[in-house]
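Colleague: Below you'll find the structure I mean.
FYI, it's all coordinate maths here, none of it is from the lab. Computed from a predicted structure; not experimentally measured. Because the Cβ atoms are built from the backbone with ideal geometry, glycine has one as well, and the counts that use them run over all protein chains shown.
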């Protein structure tokens, strides 16, 4: 089973919300399943974004199973799988010149560059894109909005984390997937 097939199966098994199928069709119309998760930090290869989304889903499932939190399987799937939909149609495959240390010659190497078409912020953009198709609960919206943790405004992040524990758990799941599960650039 490919990562795309696995993602679709997890999504379909858990997400029953109105218009969820439309959201999935939209994802399939983008490069979500072939895009990298980053340009150089983690899963910076074809299909890395889908792989990262699954890793975050599995990490989030594990974290929640060890806590007193009781979000639904649907909420876990939505937050884990969709937290980075803002990266669909965000990267462009290109090349850059890199000096070969052995030969001293410059060589073209494949590279992913950011091609931002809708500069709306990371978490906010994911929430916006998801809600074009289906409603999020306040807890889901806050968790996705603040999944970047310290890369956000400290005061608002602290407020979000104190009010919505799922936001903390999604952030931790994202960090664990990024730094413990995935190949670095």
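Colleague: Please give the FRET efficiency for residue 19 paired with residue 105, using the beta carbon to beta carbon distance and R0 = 41 Å, rounded to the nearest 0.05.
Modeller: With a Förster radius of 41 Å, E is 0.15.
Colleague: What is the order of 50, 79, 86, fewest Cβ neighbours within 10 Å to most?
Modeller: Details: 50 26, 79 30, 86 22.
Fewest to most other Cβ atoms nearby, the residues stand as 86, 50, 79.
Colleague: Normalised radius of gyration for the chain, please: alpha carbon Rg relative to 2.2 N^0.38 Å, two decimal places.
Modeller: 1.07
Colleague: In addition: Listing 17, 132 from the residue with the fewest other Cβ atoms within 10 Å to the one with the most, what is the order?
Modeller: Lowest to highest Cβ neighbour count: 132, 17.
Colleague: I need to check one value: relative contact order of segment 84-185, counting alpha carbon pairs closer than 8 Å and at least 6 residues apart, in percent. Mind showing how you got there, number by number?
Modeller: Numbers: 106 pairs, mean separation 20.5, N = 102.
Worked out over segment 84-185, it gives 20 percent.
Colleague: Would you mind putting 29-42, 58-71, 106-119 in packing order, based on average other-beta-carbon counts within 10 Å, highest first?
Modeller: 29-42, 58-71, 106-119
Colleague: Additional query: Report, in degrees rounded to the nearest 10, the 0 to 90 angle that the Cα long axis of helix 20-29 makes with the longest principal axis of the chain.
Modeller: 0 degrees
Colleague: At 222 nm, what helix-only mean residue ellipticity would the chain give, in deg cm²/dmol to the nearest 500, using -39500 (n - 2.57) for each DSSP H run of four or more? Mind dumping the intermediate values first?
Modeller: Working: 8 runs with 90 residues, N = 185.
Mean residue ellipticity, 222 nm, calculated: -15000 deg cm²/dmol.
Colleague: May I pose another question? Quote the relative contact order of the chain in percent (integer), defining contacts as alpha-carbon pairs under 8 Å separated by 6+ residues.
Modeller: Over the chain, the number comes to 26 percent.
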